Structures are given as C-alpha cells and as structure tokens.
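Just below is one structure, and these are the notes that go with it.
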Amino acid sequence: MNIKSKYKIFAFVLMLYCYSAYAQNVVKYVQPMAGSGAATTPAALKHGAGTELFANTIPAVTTPFAMTQWSPQTQASENKCIAPYRYSDEYFSGIRATHWLSGSCTHDYGSFTIMPVSGKLKTHDYAVKLKHSDEQSSPYLYSINLINIEASVTSTPRCAILKFTALKTDSVYLLITPNSDYNQGFIKVDASRGEVQAYNPVHRIYQGWGKEAGFKGYMVAKIEPPIRTHGTFAGDTVYGDPAISNKKGIGAYIGFKLKAGESISLKIGTSFSSLEGARKNLEAELPDWDFDATVAKSKAVWEKALSQINLQTAVEKDKRVFYTSFYHAMQQPRLYNDVDGSYPQFASVNKIGKLMGGNYYDDFSLWDIYRAQLPWFELLKPSLINDVVKSMVLKGQQGGWLPIFPCWNSYTSEMIGDHCSSVIASAYLKGIGDFSAPEAYRLIRQNAFDTPANRADYVEGKGRRALDTYLKYHYIPVEDSVPDAFHKKEQVSRTLEYAYDDYAAAMMAKKTGKIADHNILIKRAAYYQNVFDKNTGMVRGRHADGSWISDYRPDSKAYYITEGTPRQYTFYVPQDVPGLARLMGGPSKLESSLDSLFIKNEYWHGNEPGHQVPFMYNYTSAPWKTQKVVREILATEYGDGPGGLSGNDDAGQMSAWYMFASVGLYPLNPVSGEYLISSPIFDHVSVRLGNGKVFQIAAHKKTRNSQYIYLVKWNGKIIGKNYITYKNIVKGGRLDVYLQDKPDLAWGANSAMQPKGIN
C-alpha cells in the first residue's frame, strides 16, 4: 500500500471519528425537569430553608448561553425567587419567553407568555390542570397536550417557533401577555401584517430596587395563518383596540377557527435593544416556518455542545446527571446583543451600543460561578471566556466601576466579594483572550483600593462594600453593619472573600509588572488570618478594638457569616490552604477540623461557600478522605429527578461542581490554574478542548467498587503531585488514575506533592 493510500484511509478514519464525536446522541441523557422541584437530598433537608430548598432550575428550551429561554409556565409573576415553572404546581398557564437566571433566587424580567385557549375567549382564569404525563421535555423541544390543543416550542439563540395544533374542530385564541409586576408594558396587534409587537420594561432589584433598569425586553411575533379576530385586554376587561399599555394584567388576543389537526404557528424574535432589533433577529435566525427543521437544528447544536465531553460508564444514571449538569451549566451567562451587534449599554438609560465583534454577555451570578462554572469553559470555550471578560471590562468602562454581581445589565452589589477580579485574573493568567490587560487591571485596582467619592455612586452599587473599614482594620469589624447592601453585615465572610479577591488582583498585578501593587495586595490576601480565632480554631466575629464577640456558636447561623455558620465558612481560604492549616496548628489539625465538619453533618453542599471543602484533604496527609467524601456527595446530593439538586443551582455552579468532581478534578483556587485530583466515577472521559486538543481521563479499577487512588500517570509517566495544571491540560494528553478498594495512605500525602499557598 503506498503512502497516498495510507493517508486516504487515515483521513477517512479520522473523519469517522470526528463525526462520531458529534453524533453520540448524548442529548437524550439531559433531564430538563431535574431541579425543578423541592430538593430531596440529605444536606438540603438538614440545612436548607425556604427558597434554598429549591434548585430553581427550569425545563428550558434554549441553545447554549442564549438570550431567551422558553419554559412552560406555572407561576405567572416576575417576582424574586419564584421560578416560572415548579414541578409541584398544579396548573399550566402558558409558554414563557423568560430571562430567569437559571437556578437562582433573583427575579425574571422582560418576559412574555403565550397561552392557547380553546372554545370561548377567556382572559383570566384560563390555566389548565397540569399532568406531567402530558409533557415532553428536552433542551430543544417542549410540548404539552392541553386536552383540546397540543402546544410545542423550539428555539434559536434569540428566537423561537411555537406551534399550537387543534385536537378537535373549534375556535382557538392565543393570549400574549407582557409579564410586568409593575403594571407597565406595551402590546400591539397588527393583523394586516400578521404581527404582534410588545415590550416589557426591566426593573432592578437589590441596589436601586424597583427602579427601571434603563432598557426593555422586546418581542416581535409573526403569525400564520391569517388572524381571524383580535383585540387587547387588561385582566378580565376586553377591548377592541389593537394596542394597550401600562395597565395591570395587559395582553393581546388573536383568534382563529381551526379544524382538527390544523395548527397556528408563531415565530418570535426577542431583543434587549428595540422592536426593530427583535425583528432583525427573527429575520436572521428564523427566515422560514419549518418547525421540524428548527427542532433538528437546535438538537444538533446541543449534540455538538454536549459532545465536547464523552463518557464511558455502565451506570446510565451517572450519564443522565452529568449531561443534565452540563445543560444547566450552559444556561448563563446570557447573550445580550442582537445579530447586528446592538446591545443596551451597561447601567445606562436607553443607550444602545454597537459591538464591532464578539458578543456581549450579562447575568453573572458571580458569587457562585467563578468557582467552577466559568473555569469549565476556560477549558471548553476560551472564546466565550474572552467575550465574558470583555463584557465585564466594558461594563466597568460604561458604568465607571467594575460591577460586583452584574445582572439585568445593572449594578446590584448582591452577595459579597468582588469576584470579577477572580474571573478576569484567571483568564489573563491562563493566556485566554485578547482583552486589554492594562484596562482590566485598572478597573480591578480601582475596586480594590478606592471607594466612589460620590455618595450616590456608592449607594447605586459601585465599589466594594465596607472597603474603608477593611483597609483600616485589616478585617471588617462587626460595628460596620454594611448598610448600603442587600446582604448587610456578614463582616467575617466579606473579609475572607476580599482576601481571596486581593490575591487574584495581586497575581494579575505581578503578571503585568505592577510590583508595588502586588506587594500590597499579597499582604492583604492574608487578612483572612485576622478573623481566625486560634482559641476556637475557627473564624469568629471581631470588634473594632480587636476583641472577639462573646456570643459564639460555631454551628449556628450568625449575622457576620453569609448564609452559613462559622464552622462552614472557616474553610473559605482558597488562596492559602497551607496558611490556614498553619493557623490551625498544622495539616493534621486541618484534617481533624475537616473530619469534624463531616462527622457533625455540618457540611452543606447546597450552598457554594463550601464547594471547595471536600477537596481540602488534598492539603493534608489523607487525600484519600477527599476521594471518600466526594464520592459520597456525588451519590447523595445529585439525582436525575425534580428534587435532585441540593440547593439553588445559581447559574450552573452546583451543576459544574458535579461535572468536575465526577471526572476526578476540581479547581479549588481557580486563579492558580491548579486542579486537585480525586477519583473519577467514569471509566473513561474524553474532553475536546477549546483549542482542538483532546484531554482524556482513564480510571483503572482493581474491582468494580475501587475508589481510592494509589497511582496516577500523565501521558504514561508517574506524577508525584496530587493536582494537575491548566498548562498541561490544554496541551492535550491522558491522565491515568489507578484505583483500589482500600485507602492508599501514601498517595498525595506528602506536602511536596500538594499545591502551595500564597506566593
């Protein structure tokens, strides 16, 4: 056989391999209903309360990182912490074009709902009894049988096609409602053009609660067949007018006479910029009316996205949980620009910008996603991370300050910390993107060193909360109640998180040659030590005079701790675990403190501050305990049913934890580029990286139940560390993890094999 023939065979085999990588049919494993019910996991039942008992994910029909998701609706409001769909609800009230922050406790905004009604026109009390057996749900298609009508929806990044098929001959009306809890909005029917136009003003929560955010959610719908009758309504009052605005419960109806088997189709374009932008998006993404072809295209998009990771295991449930987690992790950040690059400028009033390239994103649940969700996409989609960082820098330029928790394109100062610093520094240190590092660092530095001179700017949400006392005392004393924040007080947690953010800023300062800044910031990265009480071995509220608070209950929620207890938050020192161990009295004391947390059943997986905790045994002489507890969490805190997530998914962080942990890795300190190694639950994992390289993880078990590491190889060579670096992973290669039934007391147990602390 000559060289040319061999090359042709090789090329053909390679083509088949690439095709199979895209055609694995993995989308079938996604369970969109997972997390849409009350959590049933052990940690949730012990530690969760109120809204924290819900993962608050929705069965969204969408594409990865889309502008708008399309969800069945069982809750009609845009209120905080009320997801559009809850599995336990009894009534279906439409298909919603939603901007719900997946898995959150925030609010929906700029949303619209379309509800079919058969027989007589009803503009209130039209909800239909919901039976889950009548629903079919996937990432690319949702359908429901409503007795006399079948309703279906599929989507593109900014648009959707909805199809309503009559199951018997009758009149059918479609009710289209802008969902404003502020009795605002506009809707108009243009029957001659077969079109409905609408918008819904967006309102802020947290800082500036209730104020208009300066932009709207827009939609333009095209309808076929021709509209037979139409009008508008407000609640139960029906009008003959084609347009209505700014009343409670407004909407429009369009009516048809259908024979059994006939359908109404709606093509809907959405935008945050204008009605014309929604129309352009619709023309670009849905030029025709082929519902089935759109379903097929959307399914192909999901297959390609999900197939970046290929799993081999005999346990089908693990695949379902993994690919559902992957789906959840691709709900946000949210695409904000139209196809022509138009987008609403950050924290502005009716100002429209224009991108010259890339995409603009918002809805960053930054207290959460800097930990694992965005780090996943540093590996899988560096171009997305580049756009994310550029979006953050653009927000800082347009608003004057880098935002703390940018959602609904506004400042919020929700939650604590300053984790834009972590996201930007992490990307820069990994060599991701072509953003302006000097400009990005200028904005990071401003947040770290300055407070707005204008009091109104601070109240608006610009700048770190309580920075002045943090800099004065080197911790935030309990006397500072942090009044200008949604999360008030929480002084110890803020101190810990600012110390981590200072570390992130220090690393970027060092890389960009700002040595004086680095020297200051790296000292501040150790301020966590100032809220650590050596007498109790845990963090504790501290007065301005240096004394500790007297009422100390380590396993009770405290006003100086964010959503948790002192014991739980003690371990939040991702930048310097060895330093924390020294404070405690050495690695053995860190190990016993971790033991105590798990023995007392005080570990709460349903809230993000603890997500690094199970992997911290890798800094002790017992990394095998990480392997043990991580396996237990994977088995007990995740499922594929409606109650299968142990707390708010928070834009995919809870899900991303599963993805990392199940393949045997975790970025405990994302800025460092180090991924701690644990035991994978899958036999083989193949990750197609964003640069085209392939990273593989293979588990070699002595028996079916083997879960403890005794040997690790990288590209065939034994490695002496219990972590692997980003630099190695992105080159592509193979990580072989050898497992046995009993703990190996030597693997990873020496400090020389473990990550270092502050440097």
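Table for the structure above
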item	result
Region 501-581: chymotrypsin sites (Phe, Trp or Tyr not before Pro) in DSSP coil with no more than 16 other Cβ atoms inside 10 Å	552, 559
Of all accessible heavy-atom area on region 531-610, the percent that carbon and sulfur account for (1.4 Å)	47 percent
Label-point gap, in nm, between residue 595 and residue 727 - each point 7 angstrom along Cα→Cβ	3.6 nm
Cut-off 19 Å, label 7 Å out along Cα→Cβ of residue 168, residues of region 89-124 by amide N	116-122
Debye, to nearest 20: dipole size of the chain, +1 on Lys, Arg Cβ, -1 on Asp, Glu Cβ	1840 debye
Degrees between helix 382-399 axis and first principal axis of the chain (Cα, 0 to 90, nearest 10)	80 degrees
Amide H within-cut-off set for residue 538, under 5 Å, with H built and near neighbours excluded	533
Calculated diffusion of region 694-759, Stokes-Einstein form, Kirkwood radius summed over Cα pairs, 10 °C and 1.306 mPa s, µm²/s	124 µm²/s
FRET efficiency for residue 28 and residue 459, using Cβ-Cβ distance with R0 set to 45 Å, rounded to 0.05	0.35
Length released on extending from residue 40 to residue 349, taking residue separation times 0.36 nm less the Cα-Cα span	106.9 nm
Spin-label model distance (nm) - residue 582 vs residue 515, 7 Å beyond Cα toward Cβ	2.3 nm
Among the listed pairs 120/247; 299/319; 211/510, those beyond 29 Å (Cα-Cα)	211/510
Value of [θ]222 nm, deg cm²/dmol, for the chain, DSSP H segments ≥ 4, -39500 (n - 2.57) each, nearest 500	-8500 deg cm²/dmol
Cleavage-rule hits (chymotrypsin sites (Phe, Trp or Tyr not before Pro)) in region 179-220: DSSP loop, at most 14 neighbouring Cβ within 10 angstrom	182, 209
Under 19 Å from residue 257, Cα to Cα: aspartates and glutamates that are on another chain or at least 8 residues apart	150, 170, 190, 195, 224
At 1.002 mPa s and 20 °C, Stokes D of region 332-401 from Kirkwood alpha-carbon radius, µm² per second	169 µm²/s
Inter-centroid distance (Cα atoms) of region 158-206 relative to region 380-438, Å	34 Å
If the convex hull is drawn through the Cα atoms of the chain, its volume per residue in Å³	167 Å³
Ellipsoid semi-axes in whole angstrom, largest first, where each is sqrt(5λ) of the Cα gyration tensor of region 318-373	29, 14, 8
Nearby aspartates and glutamates by direct alpha-carbon distance to residue 523 (threshold 18 angstrom, same-chain neighbours under 8 apart not counted)	418, 450, 468, 497, 501, 502, 576
Centroid-to-centroid separation of region 222-296 and region 611-662 [C-alpha atoms, Å]	44 Å
10 Å Cβ shell holding at most 16 others, DSSP loop, GluC sites (Glu not before Pro): longest site-free stretch of the chain	480-759
Å³ per residue enclosed by the Cα convex hull of region 373-514	108 Å³
Stokes-Einstein D for region 651-709, Kirkwood Rh over Cα pairs, 37 °C, 0.692 mPa s (µm²/s)	258 µm²/s
Degrees between helix 3-22 axis and first principal axis of the chain (Cα, 0 to 90, nearest 10)	70 degrees
Mean projected area (nm²) of the alpha-carbon convex hull when region 438-483 is viewed from all directions	3.6 nm²
Integer Hz, Karplus 6.51/-1.76/1.60 couplings in order for region 41-54, x for Gly and Pro	7, x, 5, 5, 5, 7, 9, x, 7, x, 5, 5, 7, 10
0 to 90° range, to nearest 10: angle between helix 587-599 axis and the chain longest Cα axis	40 degrees
Mean Cα-pair separation over length for region 391-469, i.e. relative contact order, pairs under 8 Å, 6 or more apart, %	34 percent
For region 455-541: span of alpha carbons on each principal axis (Å, largest first)	42, 36, 18
Accessible area per residue, Å², the chain with all protein chains present, probe 1.4 Å	35 Å²
From the C-alpha gyration tensor of region 270-359, square roots of 5λ in Å	33, 18, 10
Whole-Hz ³J(HN,Hα) from phi, Karplus 6.51 cos²θ - 1.76 cosθ + 1.60, for region 275-292, glycine and proline x	5, 5, x, 4, 5, 5, 4, 5, 5, 7, 9, 9, x, 10, 10, 7, 4, 5
Share of Cα-Cα pairs in region 588-710 lying beyond 22 Å, as whole percent	37 percent
Qualifying aspartates and glutamates (Cα of each under 13 Å from Cα of residue 354; at least 8 residues distant if same chain)	338, 340
Normalised contact order of region 93-137, rounded percent, pairs of Cα under 8 Å and 6 or more residues apart	36 percent
Cα-Cα over 20 Å, subset of 80/280; 702/756; 472/756; 589/721; 625/721; 168/297	80/280; 702/756; 472/756; 589/721; 168/297
Global geometry of region 472-629, whether rounded, prolate or oblate, following the gyration tensor of its Cα atoms and the 1.5 cut on a/c	oblate
Spatial extent of region 123-276: Rg and Dmax, with the Cα atoms as the point set, Å	16.3, 52
For region 536-616, alpha-carbon Rg over 2.2 N^0.38 Å	1.07
Taking region 440-555 and dividing mean pair separation by its residue count, relative contact order in percent (alpha carbons under 8 Å, at least six apart)	22 percent
Region 117-131 - phi-based ³J(HN,Hα) in whole Hz, Karplus 6.51/-1.76/1.60, Gly and Pro as x	10, 9, x, 7, 5, 10, 10, 8, 6, 9, 4, 10, 3, 9, 10
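The values are calculated or read from the model by the stated rules, or taken from the named source; none is laboratory data. Here the structure is a predicted model, which means the values were calculated and not measured. FYI the Cβ positions are ideal-geometry reconstructions off the backbone, even for glycines, and counts take in every protein chain you see. Just so you know, the surface numbers come from the protein's heavy atoms only, side chains and all, with ligands and any DNA or RNA stripped out. Shrake-Rupley method; radii C 1.70, N 1.55, O 1.52, S 1.80 Å.
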